[in-house]
1. Quickly run through the range A:162-204 and pick out the residues that are among the β-branched types (Val, Ile, Thr), more than 22 Å from residue A:215 (Cβ to Cβ) and open to solvent by less than 50 Å² (accessible area, probe 1.4 Å).
2. If you take the residues in the range B:67-100 that are open to solvent by less than 50 Å² (accessible area, probe 1.4 Å) and aliphatic (A, V, I, L, M), which one is farthest from the other protein chains (Cβ to nearest Cβ)?
3. Looking only at the range A:91-125, how many residues end up being in a helix (DSSP H, G or I), within 11 Å of another protein chain (Cβ to nearest Cβ) and open to solvent by less than 40 Å² (accessible area, probe 1.4 Å)?
4. Tell me which residues, restricted to the range A:143-161, are at pLDDT 85 or above and open to solvent by 10 Å² or more (accessible area, probe 1.4 Å).
5. Quick one: would you say residue B:201 is within 23 Å of residue B:154 (Cα to Cα) and of a type outside the set (Val, Ile, Thr)?
6. May I ask you to say which residue of A:82, A:88, A:22 is in contact (Cβ under 8 Å) with a residue 12 or more places away in the chain, within 14 Å of chain B (Cβ to nearest Cβ), touching a Gly at 6+ places or on another chain (Cβ under 9 Å) and open to solvent by 40 Å² or more (accessible area, probe 1.4 Å)?
7. When residue B:111 is evaluated against the numbered criteria (1) modelled with pLDDT under 85; (2) not in a helix (DSSP H, G or I), which criterion, by number, is the only one it fails?
Amino acid sequence: MPESIAAIEHVSKSYGKHLVLDDISFEVPAGKIVGLLGANGCGKTTLMKIITGLIHDYSGKVTIAGHRPGVYSKARVAFLSDRSYLADWFKTADAIDYFDDFFEDFDRPKAMELTERFGLDLNQRVKTMSKGMQEKVRLLLVMSRRAELYVMDEPLGGVDPAARSVILDIIMKNYSEKSTLLISTHQVHDLEQSFNHVIILGHGKVLLNSDIYEIHAQGMSVEEKYREVYGNAWEVD
Amino acid sequence: MLGKLIKNDMKSMARGVSNIYIAAFIAIGAMGVCLFFDVGVGKTISSLVLLAVSIAAIVVTLMATIGEFRKSMFGDRGYLTHTLPVKAPTLLFSKWLTCIFWITVSYSVVFLCLWLIYYYWTGESSTEALIYILQSLPDVGLPAEDIMVKTVLLIAVKILLLLWVFVLEVFFVITLANVRPFDAAGSVGPILYFFVVFGLLTFCSSRLERVFKSALLVHADGSLSLTADAALIDSVRFAGGASVTLTQIYFQVVVAVLLFIVTAELLEKKINLK
């Protein structure tokens, strides 16, 4: 297995005059569960969109498995966005058919199993589903892929504590162990037991890029380290 | 992949336009019932409804194609579209093929509805009268019936081709409006850029027609030929034939290819989904 699945090299991205990512460079270690942490507006979603090929207008170089974001990487990267990207008229079955059509790594039997597990109706249209149900559909679609890299943008955002446990359980039990998970979250406490590696963004920079064991070796939890790093970052400002 | 894209795009578009075609079939059915039972008021109302529905069909289809492109490429659905392992030119080609299919269908529906309305009201005897009039056209210096029919069909095909290019112009301006720095214009951007692009292309096309005359000639004997000779065009018309200018078509085909390439390039390298 290669050491890193994705390499971000001197990437900068601004929205107008607002510089969101300022010449950042790091590698996403392969086969690990990587937490991408940071305050609102620090660039987590922007970075994920660059990796998944939704943003092209940036400077620097991004490679996934040695390739720039494109057809090759998109076939290997599964993106769980917080956006409702399914057509309103899609039924759950239509969404499964769609993913089965376009992604060679899509595991249809697993998708059907997760549909049953989530208690979803295959014939229910997205427009008649609650927000939570739509999120479950998106989650099952992503977790039914045998991707090399799963990029998840706030998978626990806006979800009640009971549902968070279920979602986390589904994620951890259904991703391929050879794959890499890159998860952005504010719920550090909920996920820190699952992370192997942590990247903290702030003020356009990478404030921390560390293996979890190194943090624990300092006698700190991820949440404590986050507060320390962010506290210092605020002081710098 | 292209086949799968077309399949899914067709399904998506069908959902957006099916209602208007269902309305057209209902209106046609209502006309048939009124004709069968000779209901006078019903005939009038159903004819007016069919006329309105036929015009609405092409307008609704155009709006639906534009809306579908915008939503699937730059709305929330774009988060799925742009993460598919498919090249941008393939995505664009599928969208364009789907749009021109439905536009062609709506175009055909308009002609069908207009013919039905005409036949419904005039009946067989008046159709014979129309045929007599068409056959008498050469007596008043106009091209004969078969020449007129061929010319009208060629003009209809020309308009349809121009509509296909129009779709690409719209795709281009919508894409442009989602690229820096053109996205600064906000929601007004696509409309603004469309008028600029459309105006520029129309201006260039009219200038080109003055310099380079190309036409498809429909000779008096019914044969077809191409020419760039203005004198020949006039002499064929004088001899009872007709012509359909092609300069605009050639220009629009070149424009369409260029717009396709530029739009695909913008999609591949410049868009930022919000």
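The values are calculated or read from the model by the stated rules, or taken from the named source; none is laboratory data. These numbers were taken from a predicted model, which means no experiment stands behind them. Please note: Cβ atoms are built from the backbone with ideal geometry, for glycine as well, and neighbour counts cover all protein chains shown. Surface accessibility is based on the protein's heavy atoms, side chains included, excluding ligands, DNA and RNA. Shrake-Rupley method; radii C 1.70, N 1.55, O 1.52, S 1.80 Å.
1. A:167, A:170
2. Selected residue: B:100.
3. Residues in the range A:91-125 being in a helix (DSSP H, G or I), within 11 Å of another protein chain (Cβ to nearest Cβ) and open to solvent by less than 40 Å² (accessible area, probe 1.4 Å): 6 in total.
4. Within the range A:143-161, A:146, A:148, A:154, A:155 qualify.
5. yes
6. So the residue among A:82, A:88, A:22 that is in contact (Cβ under 8 Å) with a residue 12 or more places away in the chain, within 14 Å of chain B (Cβ to nearest Cβ), touching a Gly at 6+ places or on another chain (Cβ under 9 Å) and open to solvent by 40 Å² or more (accessible area, probe 1.4 Å) is A:82.
7. Checking residue B:111 against (1) modelled with pLDDT under 85; (2) not in a helix (DSSP H, G or I), the one that fails is (2).
Here is a yes/no grid of residues against (1) among the hydrophobic types (A, V, I, L, M, F, W, C); (2) at pLDDT 80 or above:
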position: A:140; (1), (2): yes, yes
position: A:165; (1), (2): no, yes
position: A:200; (1), (2): yes, yes
position: A:218; (1), (2): no, yes
position: A:221; (1), (2): no, yes
position: A:231; (1), (2): no, no
